[in-house]
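Here is the structure we will look at.
The values are calculated or read from the model by the stated rules, or taken from the named source; none is laboratory data. If you're wondering where the values come from, they're calculated on a predicted model, not measured in any experiment. Methodologically, a virtual Cβ is constructed for each residue, glycine included, from the backbone with ideal geometry; neighbour enumeration extends over all protein chains shown.
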Amino acid sequence: MNFIQPEMVSNGEKKPDVEEEEDGEIVDEVMIVDDSDNDRRLSKDSDCVAIEPSKSSKSAKKSRSRSREQSKSKKKKERRKSRDESKSSKKRKNSEERKAREREDEERRIKRKRDREREVEKERERERERKRRERAEAERRRRMTPSPTFRDRQRERERRNRDRRDRDRRDRDRKSEKDRRKSDVFKGSLSEGQTLQELEGGKLVDDVQLNDIEIPMDSDDEEAKIEELRKRREMRRKMMVNVVEQEESPASSPQSRVASPLEKIKDRLSSKDSGSAKSRPASVCSDKSVEDDFDDILAAALRDDLECLEDADLEAALKEKLLENRETTVDARPINDDFWETEGDMFADNFSPGIKNNRHRKFLQSATNVLDPDNWTDADGYFKISIGQMLDNRYKSYAYTGKGVFSNVLRCKDSLRSEEDVAIKIIRKNELMYKAGLKEIEFLKKINDADQEDRFHCLRMHRSFMFKGHLCLVFEPLAMNLRDVVKKYGSGVGLHVKAVRSYSQQLFLALKLLKKCNILHADIKPDNILVNESKSVLKLCDFGSASDAKDAEITPYLVSRFYRAPEIILGCNYDYGIDLWSVAVSMYELATGKIMLPGRTNNHMLKICQDFKGKFPNRMIRRAMPEIRQMHFDGNNDFLHVKQDKLTGQDTIQTITNVIQTKFVRNDLIPTSNSNEKVTPELTKKMQQLSDLIEKCTVLDPSRRVSITECLAHPFIVEKIS
């Protein structure tokens, strides 16, 4: 039994013990009682008073503890509820903000869509208005009285259409005539028993073109007639050759002289221009067949004229031109015996004119400079050159010519062809350049097969092979290129007119062969034109950029910039006219020693072209690619000239509305009294003809340029120089 001390219950009062719990509530401490005995009593004898617990105190204790627990759980629930409410409120707030942003974005998208629709509608309205104005303008012009210029243009269009219809009709007639001849190969031929007819001059003329006849060999009964036919044809050819040689010999009298092939063609052209039509004997083949082969006859006559040109005459003319202008030559050098000695210049760019060509260096490999037998390629992919090395067990190298972007070149001796000189172009070991080399081989084979007699002045490729992982091309050996010829014989003043005429004639023949093979060279320039040792024969080379005419891709950076035709720069469709343009610009450079169009950019090239030729035609500007056209022309087809500001150095755009021709080709070509060379009437005439030819070849609109056949028939090419 527990007892409470007397002082705690004196005067019958309890002294409660105050205690503070965790939750901050203040409760009264309960008196300690003994639960072991139900009969609790206070001891009277002791000085302590015993207090017997009652049932009411227990229930109060339990109620207080329950109330405390209930209050604690209630507060916990309230705290939990408040936390849940705060989280849900935050979620609701975030979702509301997100929805508001989405609504704003949707409104902005709808607004932008409406703006675009309004812009499209405005553009359509402007287009409708423009078409309406065009229709009104066309109607107004239709009702107006046509001006003389309009009538002239209309008549010119009608004339061109009429000529086109006539050409088409002639082509159909020729085709039907050929089909008719092939339908019966013996009809009208000597195998049918016909005899040869004789003209007044005593020359035998073939009454049919036997070369175009395909004679079947099936019948044994016709073999005797066919053999007789062949013998007679050979006899006629020999007789014709003898007659021509007798008439061209010095012993022949002037009365018996027969016109040369060039003079015949000239007379034919003059008669064609004058419109005179002469009747021809019925015994000779029809005029249609003659016109059909006119281009081939013209080319053959020009080749014959070229073969009559002596190498000594051309080189003498070059030296004469150099001696006349040696005081004004840009890089004049002392003229001595060594000056005229030049060696080969095959594809290289580092030739030094005026001295002996030291590029054919015969290196001797020392013991310390032996090439690694397992590594034949340097870091840039070039073949490592070793003089005296055998290539393909056949070609022994003896000189190094030089290297370019795609390859390096060796001079070798062909052991299988009696030590014949060849030039071997070794392509760099690179996948892209290997494919370009295969493409060049394909075009060269096609060109060489079409010109087996080597009369159209394109570079001859003997064969190709692989050596140590490099593609090798074997070419005929040639000397320097035309740029070096100009540097050596006419730097700053140009070459002699005889050389210009000869080189131009050969270049036009090369273009004729390329057109026959449907090939675009796409990189004609003096660097890619090689001449032989005597400087009399040239060859067009470097077909790495060539392409088939039908596969031409539009690109504004085709061809070297100085020789790039304007249709390439504008992104128009192009054809064989781009090579004709490059040849004409090269002819100007040969005649003057200066670059005709030294543009820094494509825009500057167009500016210089307009300085020489005037404003570009609107139809040509409209045919250009829109992305390229807007870089050089505005909406009114006015030229946008990009030039550099001299003070700030920044590019500025100047709109040129009125383009005026300020340069003339004839002023640079036709000599004056101030010229150093001797001015003669014949020289002035030939330079005027050259100026006219270059003007016709550099017409801005490619559809209005002259054809290659017309160039070969031009007086500058046809008429000889005495």
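Any idea which of (1) in contact (Cβ under 8 Å) with a residue 12 or more places away in the chain; (2) of a type outside the set (K, R); (3) touching a strand residue (DSSP E or B) at 6+ places or on another chain (Cβ under 6 Å) is the one I628 doesn't satisfy?
All conditions are met except number (3).
What number of residues within segment 468-483 are closer than 15 Å to A423 by Cα and either crowded, with 19+ Cβ neighbours inside 10 Å or of a type in the set (A, V, I, L, M, F, W, C) (or both)?
Adding up the residues that qualify gives 9.
Which is modelled with pLDDT of 85 or more and either surrounded by 10 or more Cβ atoms within 10 Å (Cβ to Cβ) or of a type in the set (V, I, T) (or both), of K90, K99, K77?
K99
Do we have R666 as assigned by TED's automatic domain parsing to the domain that holds Y489 and under 25 Å from D575 (Cβ atoms) here?
no
Results for (1) more than 21 Å from F508 (Cβ to Cβ); (2) surrounded by fewer than 20 Cβ atoms within 10 Å (Cβ to Cβ), shown as yes or no for each residue.
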| site | (1), (2) |
| --- | --- |
| L538 | no, no |
| D542 | no, no |
| A546 | no, no |
| A549 | no, yes |
| Y557 | yes, yes |
| R561 | yes, yes |
| L570 | yes, no |
| N573 | yes, yes |
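Among the helices (runs of 4 or more DSSP H) lying completely within segment 540-652, list those that include at least 3 residues that are closer than 21 Å to I524 by Cα and in the same structural domain as F508 (by TED's automatic domain parsing).
It comes to 566-570, 577-592, 602-613.
Whether any residue in segment 441-464 is farther than 21 Å from I708 by Cβ and either surrounded by 23 or more Cβ atoms within 10 Å (Cβ to Cβ) or in contact with a Cys (Cβ under 6 Å, 6 or more places away or on another chain) (or both) is what I want to check.
no
Here's the yes/no breakdown for (1) of a type in the set (D, E, K, R); (2) touching a Gly at 6+ places or on another chain (Cβ under 8 Å); (3) surrounded by 13 or more Cβ atoms within 10 Å (Cβ to Cβ):
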| residue | (1), (2), (3) |
| --- | --- |
| I621 | no, no, yes |
| R629 | yes, yes, yes |
| N636 | no, no, no |
| Q644 | no, no, no |
| T652 | no, no, no |
| F664 | no, no, yes |
| T680 | no, no, no |
| K686 | yes, no, yes |
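A quick yes/no check of all residues on (1) of a type in the set (S, T, N, Q); (2) touching a helix residue (DSSP H, G or I) at 6+ places or on another chain (Cβ under 7 Å):
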| site | (1), (2) |
| --- | --- |
| K613 | no, no |
| R622 | no, no |
| P626 | no, no |
| T657 | yes, no |
| N667 | yes, no |
| V679 | no, no |
| V718 | no, yes |
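Give the residues of segment 629-664 that are more than 18 Å from L597 (Cβ to Cβ) and among the β-branched types (V, I, T), sorted by residue number.
Once the filter is applied, which keeps residues that are more than 18 Å from L597 (Cβ to Cβ) and among the β-branched types (V, I, T), segment 629-664 yields T648, T652, I653, T655, T657.
Report every pair of residues separated by at least 6 positions or lying on different chains whose Cβ atoms are under 6 Å apart, first residue within segment 435-461 and assigned to a helix (DSSP H, G or I), second of a type in the set (G, A, S).
Pairs found: A436/G544; E440/G544; I441/S464; F443/A546.
Which ones in segment 393-434 are touching a helix residue (DSSP H, G or I) at 6+ places or on another chain (Cβ under 9 Å) and in a strand (DSSP E or B)?
Result: Y395, K396, S407, K425, I427.
Of the conditions (1) surrounded by fewer than 21 Cβ atoms within 10 Å (Cβ to Cβ); (2) touching a Cys at 6+ places or on another chain (Cβ under 8 Å), I427 satisfies every one except a single condition; which number is it?
(1)
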